[in-house]
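Okay, structure first, notes after.
The values are calculated or read from the model by the stated rules, or taken from the named source; none is laboratory data. Predicted model, so just to flag it, every value in this text is computed and none were measured. FYI the Cβ positions are ideal-geometry reconstructions off the backbone, even for glycines, and counts take in every protein chain you see. In case anyone asks, the SASA skips ligands and DNA or RNA and just uses the protein heavy atoms, side chains included. Shrake-Rupley method; radii C 1.70, N 1.55, O 1.52, S 1.80 Å.
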Amino acid sequence: VIATIVKVAGSSPRDVGAKLVVLADGSVEGTLGGGKLEAQVIRDARECLRRGASTSNSYSLSEEGLGMKCGGRVEVYFEPVRPAERLVIFGGGHVGHAIARLAPSAGFAVEVVDDRPEHLNGTAFPPGVQPVATDPSFREGYRPLSSEDFAVVVTRDAATDADLAGRHAGICAYVGVMGSRAKRAFLKRTLAPRGLPDEAFQRIRCPMGVDVGADTPDEIAVSVVAEMISVRAARRARKEEGAA
């Protein structure tokens, strides 16, 4: 959480623009002048970190307020800085590339996983997009996905798509698969005998993306990134409600 003095009236240890940062491990960088004001701001910043929502607090630097002699008043803005959600794109074809180009601008940390070196040419991706080489079964080379991660499955093989979707449907925050309603039926026929619970299967988004009549890879990318933004916003809202 970044805590910034945004308004000062009267005497204060620091002026407008002074900042301190409270990290998730509890450590603090920067200063608002020390003393009772800073101690209270640190406590409030840790609460803001727990809640995950921006807020502003006003502090009286008087004996009646924080027990200080300054006598002024400051307003501090608390801004939680969320890490970018990890997005793993399985498949570096046209649609995978289009999503990889767009998703970073929406705040996702993108990895593109493929078994074909020619589809992992780093110059084709924006800065920060991580190309990851894997084996033909798409099981090696990348860090396992977690409940906070997003997965997009756009390989060149329907059986591989089904395997990837089945392995991640009960884990990830979002699993999107390229395809049609017929593709969804294929996934169901393929994954049901493997014991995938219906609840997990229902979390697979196939066809993936918001229905905007997308046709080209770039249009599909817009629809998919829009859907992921919606899922992310809903997850954040639930977390904030749970912290309230």
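How high is the FRET efficiency from Thr55 to Val210, r the C-beta distance, R0 30 Å, rounded to 0.05? Write down the numbers at each step before the final one.
Details: r = 31 Å, r/R0 = 1.04.
E between Thr55 and Val210, to the nearest 0.05, is 0.45.
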Using alpha-carbon pairs under 8 Å, 6+ residues apart, how would you state the relative contact order of the chain in percent?
-> 15 percent
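Counting only heavy atoms of protein chains, what accessible area per residue, in Å², does the range 184-244 have with a probe of 1.4 Å?
Working: 3630 Å² over 61 residues.
Ligands and nucleic acids excluded, the figure is 60 Å² per residue.
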Most mobile of Leu196, Leu66, Leu120 per a Gaussian network model of the chain (Cα springs, under 10 Å)?
-> Leu66
Could you please state how large a percent of the accessible area of the chain is carbon and sulfur, counting protein chains only and using a 1.4 Å probe?
-> 53 percent
Of the candidate values (1) 193; (2) 148; (3) 123, the one computed for volume of the Cα convex hull per residue in Å³ from this structure is (2)
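I want the local charge near Pro197. Using Cβ-Cβ distances under 14 Å, sum +1 for each Lys or Arg and -1 for each Asp or Glu among the other residues. Walk me through the numbers on the way to the answer.
On the way: positive: Arg167, Lys188, Arg194, Arg203; negative: Asp198, Glu199.
Summing Lys and Arg as +1 and Asp and Glu as -1 gives +2.
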For the range 139-205 and the range 52-112, what is the separation of their C-alpha centers, rounded to whole Å?
-> 30 Å
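Would you calculate a helix-derived [θ] at 222 nm for the chain, using -39,500 (n - 2.57) for each DSSP H run of n ≥ 4 and dividing by the full residue count, to the nearest 500?
Details: 6 runs with 79 residues, N = 244.
Calculated mean residue ellipticity at 222 nm is -10500 deg cm²/dmol.
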Assign unit charges at the C-beta atoms only (+1 for Lys and Arg, -1 for Asp and Glu), then state the dipole size of the chain relative to its Cα centre in Debye, rounded to the nearest 20.
-> 480 debye
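Report, in order of residue number, the helices in the chain meeting two criteria: a C-alpha extent of 20 Å or more along the helix axis, and a mean Kyte-Doolittle hydropathy of at least -1.0; treat each whole DSSP H run as one helix.
Correct list, ordered by number: 35-51, 217-243.
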